[in-house]
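Just below is one structure, and these are the notes that go with it.
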Amino acid sequence: MKDYIIFLAQSHPQFRKAELESLADLYNIKADFSQHNKEHPFLVVQLENDEEAYNLIDRAILSRGIYELWGHGVTIDELHENVQKNMGKYIDKYIEDTTFKFENLTFQGGKKSREEQIKMYERFAYLAFKGKIKMKNPDEVFTILENYSLGKDLFPLEHPNHLWFGRQINISARSRGVVEKYDIKKRPYFGTTSFDAELSLLTGNIGQVKKNELIYDPFVGTGSFLVTAAEFGGITIGSDIEFLTLKGKGPKRRLKDNFDYYKKPLQFTDVLCMDFTNNAFRNNLKFGSIICDPPYGVREGVKVCGTTDDKLGRENIVIDGELAYLRRDYIQPKKTYSLDLLLDDLLEFSSERLDIGSRLCFWMPVANDEDIPTLIPQHKDFELIYELVQDFHKWSRRLLVYVKRGEGFNGVTVKSDDREGTNNFRDRYFHKFSEKSKVVK
Amino acid sequence: MKFITSNFVRCAVKSCDGTEGSFPLNFQDCKLQLEEQEFNEEFIISMLERLDWSALVKVASQLGNNAIPPQKPSLDDINEVLLKDLHSLLLETQIIEGKMICDNCQHVYYIKDGIASFLLPPHLAK
Ligand SMILES: C[S@@+](CC[C@H](N)C(=O)[O-])C[C@H]1O[C@@H](n2cnc3c(N)ncnc32)[C@H](O)[C@@H]1O
Ligand SMILES: [Zn+2]
């Protein structure tokens, strides 16, 4: 085992550990992330070898890079002492023709002048690398990582409070620009429901999207989860009850065009118009992961096919000698349904269509209401492994992550009857607004 | 709708679940379009294991393609010509308009503007 240091992104720190654990599990890497601290973007982990380190970080969204750790200290002098003590273990390989460069990355540090940087790098002269320095694509990058605290004025203090020195093993998908690449506004097709690029990429990692596996989003909308799943090699398929959403905004502005735009046309299988609760996928079609954000009902309620009145005989209406409901232009009526029931359906469906060990991942809104306990749906075949909260001003949402377990698991069941009344997001969301406006008056 | 999707869908009516006529659906009056895609051997091979072969043969023939071997070829004796044919059939063939009929309940689903719709009328929705 060797020590590696991960430089994490200081973004959604509450999701970082779950992402690392999910990626470790995906690549069969045993690692302990218990030292992770949300306040702090540096994490030392022990791994078997560089290949593990490379894989762990390669597609990460909330990490920046991983480095073989040569030494650390709370002052620059202590760092050098420590590196000199350890260097014997690492250095042999780098004496000869290896080209290299140094770099300096900080958390909350100010910008150093070129002279300050060079001075910093020259103090490592004792490493006595014989290879040439090369700024573009060197064989090795050596990195000095620094953590700064901020003073009362919110400017960084003069000296860092911790420094690490290491050899770069890999930088993450994030550092290679994947979050900007999938920026919603850059896509040929997006809409009001499009899901934030960073978090939809993250969902793909926590949902363990795997290369050449079939990834299903049952509430696909504008397809945010599918385009980002394609980035990780997933073969994607989606469905939605709204035909117009699937049709897109015109030629070259359909969901399919997003896949062409990202040069992944094969990763797009299809989108189908269907009511999830009357699903048309054959029973023995298995999915590698199911990822989605179900309809919340803030703007539009949850809808399913059907009518609330039970007027008989509608199915006998004939137009131009044809049964109306069999005509191409027939419009299937829709009725309101509850989010709770829909989530029960989602868990039941997923339990039938996921293989053991595969994941169901979805976002569920919850109002920030402390008096009412919020029950999370559960199914006996699933282990709920994460319940990650993202807080907004008036509400929050959770990323719920379930793993399908095998025979004999017999997990907890929490169905809509148990949750009755506690999850009515639409009511509680609007209720909050009206209370607020009362206060203003 | 890509041709390959025809291999994944059955009638959405709950009482048709498991009946022979509900999968594959019977494709009628279809308008096809070929959209070129780059050939990727690894991709098409990974797709093969997901296919229900007899359904593939059946729907291909409904659409006028009778060239698919009746038995699923094993990975050892699959050749590039067949893989390319499958690539063209499964991934490049788009159904732009058409009907999909359930031979069990006779319900008719439509493909409109390239998108297959499985929405049900009230008396067939659960
Ligand atoms: C929150 S949006 C998902 C947005 C999507 N993630 C995106 O990137 O645009 C929920 C979607 O569920 C769809 N929906 C609502 N009820 C449905 C049902 N019964 N079956 C399938 N889709 C449904 C809505 O039309 C809507 O597009
Ligand atoms: Zn049927």
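Check the stretch A:58-68 and report whether any residue there is outside any helix (DSSP H, G or I), of a type in the set (Val, Ile, Thr) and surrounded by fewer than 19 Cβ atoms within 10 Å (Cβ to Cβ). No. Filtering the stretch B:30-48 to residues that are over 20 Å from A:Ser239 (Cα atoms) and facing chain A (nearest Cβ under 10 Å) leaves B:Glu35, B:Glu36, B:Gln37, B:Glu38, B:Phe39, B:Asn40, B:Glu42, B:Phe43, B:Ile44, B:Ile45, B:Ser46.
The residues listed here are A:Lys89, A:Lys112; of these, the one that is of a type in the set (Lys, Arg), over 21 Å from A:Phe42 (Cα atoms) and at pLDDT below 95 is A:Lys89. Taken over the stretch B:114-126, residues that are part of a loop (DSSP other than H, G, I, E, B) and either at the interface with chain A (Cβ under 7 Å from one of its Cβ atoms) or within 11 Å of ligand 2 (Cβ to nearest atom) (or both) amount to 9.
Please tell me if A:Asn279 is at the interface with chain B (Cβ under 7 Å from one of its Cβ atoms) and polar (S, T, N, Q). Yes; evaluated as a whole, the condition is true for this residue. Residue check: is A:Phe219 under 30 Å from A:Leu69 (Cβ atoms), away from chain B (no Cβ under 14 Å) and more than 16 Å from ligand 2 (Cβ to nearest atom)? Against the criterion (under 30 Å from A:Leu69 (Cβ atoms), away from chain B (no Cβ under 14 Å) and more than 16 Å from ligand 2 (Cβ to nearest atom)), A:Phe219 does not qualify. For the stretch B:88-113, residues that are of a type outside the set (Ser, Thr, Tyr) and either within 16 Å of ligand 1 (Cβ to nearest atom) or in a helix (DSSP H, G or I) (or both) total 4. I'd like to know if the stretch A:285-294 contains one or more residues that are assigned by TED's automatic domain parsing to the domain that holds A:Gly248, over 24 Å from the mean Cα position of the chain (by Cα) and more than 22 Å from A:Trp395 (Cα to Cα). Checked the stretch A:285-294: at least one residue is assigned by TED's automatic domain parsing to the domain that holds A:Gly248, over 24 Å from the mean Cα position of the chain (by Cα) and more than 22 Å from A:Trp395 (Cα to Cα). Filtered by the rule that a residue be of a type outside the set (Gly, Ala, Ser) and either more than 9 Å from every other protein chain (Cβ to nearest Cβ) or open to solvent by 70 Å² or more (accessible area, probe 1.4 Å) (or both), the stretch A:324-343 gives A:Arg328, A:Asp329, A:Ile331, A:Lys334, A:Thr336, A:Tyr337, A:Leu339, A:Asp340, A:Leu341, A:Leu342, A:Leu343. The lone criterion from (1) of a type in the set (Gly, Ala, Ser); (2) in contact with a Lys or Arg (Cβ under 8 Å, 6 or more places away or on another chain); (3) surrounded by fewer than 20 Cβ atoms within 10 Å (Cβ to Cβ) left unmet by B:Ser46 is number (2).
Contact map, the stretch A:256-280: first residue in the same structural domain as A:Leu226 (by TED's automatic domain parsing) and among the small types (Gly, Ala, Ser), second residue more than 15 Å from ligand 1 (Cβ to nearest atom) and open to solvent by 10 Å² or more (accessible area, probe 1.4 Å), Cβ cut-off under 9 Å, separation 6 or more or different chains; pairs are A:Ala280/B:Arg10. How many of the residues in the stretch B:1-29 are more than 9 Å from chain A (Cβ to nearest Cβ), buried (at least 21 other Cβ atoms within 10 Å of the Cβ) and either within 14 Å of B:Leu89 (Cα to Cα) or among the hydroxyl-bearing types (Ser, Thr, Tyr) (or both)? Matching residues across the stretch B:1-29 total 2.
Let's see how each residue does on (1) modelled with pLDDT under 95; (2) at the interface with chain B (Cβ under 10 Å from one of its Cβ atoms); (3) in contact with a Leu (Cβ under 9 Å, 6 or more places away or on another chain):
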| residue | (1), (2), (3) |
| --- | --- |
| A:Thr236 | no, no, yes |
| A:Ile241 | no, yes, yes |
| A:Lys249 | yes, no, no |
| A:Arg253 | yes, no, no |
| A:Tyr261 | no, no, no |
| A:Asp270 | no, yes, no |
| A:Met274 | no, yes, yes |
| A:Gly288 | no, no, yes |
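Listed conditions (1) open to solvent by 20 Å² or more (accessible area, probe 1.4 Å); (2) more than 14 Å from the chain's Cα centre (by Cα); (3) within 13 Å of another protein chain (Cβ to nearest Cβ); (4) within 23 Å of A:Phe281 (Cα to Cα) are all met by B:Ile96, apart from (2). All conditions in (1) out of contact with any Phe, Trp or Tyr (no Cβ under 7 Å at 6 or more places or on another chain); (2) over 30 Å from A:Tyr261 (Cα atoms) hold for A:Glu180, with the sole exception of (2).
The set of residues from the stretch B:9-26 being within 17 Å of A:Arg353 (Cα to Cα) and either among the acidic types (Asp, Glu) or in a helix (DSSP H, G or I) (or both) comprises B:Lys14, B:Asp17. Scanning the stretch A:194-214 for residues that are in contact (Cβ under 8 Å) with a residue 40 or more places away in the chain and either open to solvent by 30 Å² or more (accessible area, probe 1.4 Å) or farther than 16 Å from A:Ala24 by Cα (or both) yields a total of 7.
Among the residues of the stretch A:2-50, just one is at positive phi and surrounded by fewer than 14 Cβ atoms within 10 Å (Cβ to Cβ), namely A:Asn28. Considering only residues in the stretch A:192-211 that are modelled with pLDDT of 95 or more and over 8 Å from the mean Cα position of the chain (by Cα), the one that is farthest from A:Ile57 (Cα to Cα) turns out to be A:Ser194.
Scanning the stretch A:116-142 for residues that are under 34 Å from the mean Cα position of the chain (by Cα), part of a loop (DSSP other than H, G, I, E, B) and surrounded by 15 or more Cβ atoms within 10 Å (Cβ to Cβ) yields a single hit, A:Pro138.
All of B:Asp29, B:Asp85 fail the test of being over 17 Å from A:Asp270 (Cβ atoms), more than 16 Å from ligand 2 (Cβ to nearest atom) and assigned to a strand (DSSP E or B), apart from B:Asp29. Checked against the criteria, B:Phe23 does not count as within 16 Å of ligand 2 (Cβ to nearest atom), touching a residue at least 60 places away in the same chain (Cβ under 8 Å) and closer than 23 Å to A:Arg282 by Cα. The sole residue among A:Leu145, A:Leu105 that is modelled with pLDDT of 95 or more, closer than 13 Å to A:Phe165 by Cβ, in the same structural domain as A:Phe42 (by TED's automatic domain parsing) and open to solvent by less than 30 Å² (accessible area, probe 1.4 Å) is A:Leu145. A:Phe232 - would you say it is touching a helix residue (DSSP H, G or I) at 6+ places or on another chain (Cβ under 6 Å), within 27 Å of A:Cys273 (Cβ to Cβ), open to solvent by less than 30 Å² (accessible area, probe 1.4 Å) and more than 14 Å from ligand 1 (Cβ to nearest atom)? Against the criterion (touching a helix residue (DSSP H, G or I) at 6+ places or on another chain (Cβ under 6 Å), within 27 Å of A:Cys273 (Cβ to Cβ), open to solvent by less than 30 Å² (accessible area, probe 1.4 Å) and more than 14 Å from ligand 1 (Cβ to nearest atom)), A:Phe232 qualifies.
The values are calculated or read from the model by the stated rules, or taken from the named source; none is laboratory data. Owing to the predicted nature of the structure, the values given are computational and were not obtained by experimental measurement. Here the Cβ is made from the backbone with ideal geometry for all residues, glycine too, and neighbour counts use every protein chain on show. When the accessible area is computed, the model is the full protein with side chains, heavy atoms only, and any ligands, DNA or RNA have been set aside. Shrake-Rupley method; radii C 1.70, N 1.55, O 1.52, S 1.80 Å.
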